[in-house]
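Since the structure comes first, as structure tokens, the remarks are kept for the end.
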Amino acid sequence: MAKRVVIALGGNAILRPNQEATVEVQMKNVQISAEQIAKIEALNYEVILTHGNGPQVGNILQQNELAKDVVPPFPLDVCNAESQGFIGYMLEQSIKNRLRSTDSTADVVTMLTQIEVDKNDPAFDHPTKPIGVFYTEEEAKVLEAEKGWFMMEDAGRGYRRAVASPLPELIHGVNAITHLVDKNMIVIAGGGGGIPVYRDENGQLVGLEAVIDKDRTGKKLAEQVDADVFMMLTDVPNVYINWGKPDQQKLEEISVEEAQRYMDEGHFADGSMGPKMGAAIDFARSGRTAIICALDEADLALQGKAGTRIVG
């Protein structure tokens, strides 16, 4: 019986630092990712794929800003949906083409995915996720007054809008995802952390302006589809402790307890490996396996030959 894996592609799989954000450049990167997904499918895994969208949704927001006097700008939830659509298109096409070249019988489908959050999540009281373009301090003050945005200084480069990053509580469409997987489909879902929505006083779904962490969404998705493995693909081959120090050590297969101890000791920064390790530990507590590895070693990591594996 095939095992089920949820794979979270990092942003570098679509657009790498300092690359020009053209469709051609991003498609070439995605085609490399597609090769790995096809290799994993050939290992007799049912594959559900999610991905980041930080650079892409940032570019959409910049387009909004530049064209605001001509075309009404879209809210963040709609921009997220837009990025899910075009990234999903590139991934779906590239994976289909790769599967065709290997004579696989699998197919690929993309689902726009809404993720329900709690509108009263404490994250909304303390927005921390910078998005969109940079502004001067004077412009930032005007935007705070006129639009009620929360503006934050970002690494000495200027001011950006900051939005909340609430926890994902429920992924919509899971029944459809599992049905498609059972029909030999690779499903692309939850892109960019998903489109954040909440239920109003009448029980109706409403979009809101927030950004959900993609690794947290990936972990929630893996739980809801009853996956055997949750895998996060990144730009480093392993997780390390004592990073950048003389006693730097890569982690290979470790227990949940050992991973939690390293977390508690502060080995993993909030802005880099911390969220990934937190998601991996939470998933592995169920007795299953979480993997963090490099994109080009994903198939090897599933065979226990590469990457960092956290086992319950």
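Using the Cα gyration tensor of region 24-78, with a ≥ b ≥ c the square roots of its eigenvalues, what is the shape: rounded (a/c below 1.5), prolate (a/b larger than b/c) or oblate (neither)? Judged from the Cα gyration tensor, region 24-78 comes out prolate (a/c at least 1.5, a/b above b/c). Placing unit charges on the Cβ atoms of the charged side chains and taking the dipole of region 83-141 about its Cα centre, the candidate lying farthest along the positive direction among 83, 93, 134 is 93. For region 30-74, backbone nitrogen atoms closer than 13 Å to the point 7 Å from residue 296 Cα along Cα-to-C-beta are found at 32-33, 36.
The chymotrypsin sites (Phe, Trp or Tyr not before Pro) of region 196-245 include none that DSSP puts in a loop with a beta carbon having at most 11 other beta carbons within 10 Å. How big is the gap, in Å, between the Cα center of region 212-274 and the Cα center of region 107-135? Taking the Cα centre of each part, region 212-274 and region 107-135 sit 21 Å apart. Under a model in which nothing but the beta-carbon of Lys, Arg (+1) and Asp, Glu (-1) is charged, region 130-236 shows a dipole of about 220 debye around its Cα centre.
Taking region 160-312 as the region of interest, the number of lysine pairs whose Cα atoms are within less than 19 Å, with members eight or more places apart or on different chains, is 5.
Label sites at residue 104 and residue 78, each approximated as a point 7 angstrom past Cα along Cα to Cβ, lie 3.5 nm apart. Of 250, 183, the order by accessible heavy-atom surface (1.4 Å probe, DNA, RNA and ligands excluded), from most exposed downward, is 183, 250. Ranking 104, 54, 72 by Cα position along the charge dipole of region 6-130, where only Lys, Arg, Asp and Glu carry charges on their C-beta atoms, puts 104 farthest toward the positive end. If you work out Cα extents along the principal axes in Å from the coordinates, which of [x] 57, 46, 44; [y] 63, 39, 33; [z] 122, 38, 35 do you get? From the options [x] 57, 46, 44; [y] 63, 39, 33; [z] 122, 38, 35, the structure gives [x]. In loop segments of region 201-232 as defined by DSSP, the GluC sites (Glu not before Pro) with at most 10 further C-beta atoms inside 10 Å of their C-beta are 201. Overall, region 221-278 carries a charge dipole of about 280 debye about its Cα centre when +1 sits on the Cβ of Lys and Arg and -1 on the Cβ of Asp and Glu, all other atoms neutral.
Rolling a 1.4 angstrom probe over the protein heavy atoms with all chains in place gives the chain an accessible area of 49 Å² per residue.
Take every DSSP beta bridge whose two residues both sit in the chain; close to 40 percent of them are antiparallel. Here residue 69 and residue 23 are evaluated by their C-beta separation; at R0 = 45 Å the FRET efficiency comes out at 0.95. Here's the picture: charge each Lys and Arg Cβ at +1 and each Asp and Glu Cβ at -1 in region 258-300, and of 300, 269, 283 the one pushed furthest to the positive end of that dipole is 283.
Think of each Lys and Arg Cβ as +1 and each Asp and Glu Cβ as -1; about the Cα centre, that makes the dipole of the chain roughly 700 debye. Look at the alpha carbon pairs under 8 Å that are at least 6 residues apart: their mean separation over the length of region 163-312 gives a relative contact order of 23 percent. The accessible area of residue 129, taken with all protein chains in place and a 1.4 Å probe, comes to roughly 90 Å².
Other residues within the sphere of radius under 13 Å centred on the Cβ of residue 214, judged by their own Cβ, net out at +3 (K and R +1, D and E -1). Sorted largest first by accessible area at a 1.4 angstrom probe radius, with every protein chain in place, the residues 9, 66 fall in the order 66, 9.
For the chain, the fraction of 1.4 Å probe accessible surface lying on carbon and sulfur atoms is 48 percent.
The values are calculated or read from the model by the stated rules, or taken from the named source; none is laboratory data. Because the structure is predicted, anything quoted here is derived from the model rather than measured. Backbone-built Cβ (ideal geometry, glycine too); neighbour counts: all protein chains shown. Heavy atoms of the whole protein, side chains included, go into the accessibility calculation; ligands, DNA and RNA do not. Shrake-Rupley method; radii C 1.70, N 1.55, O 1.52, S 1.80 Å.
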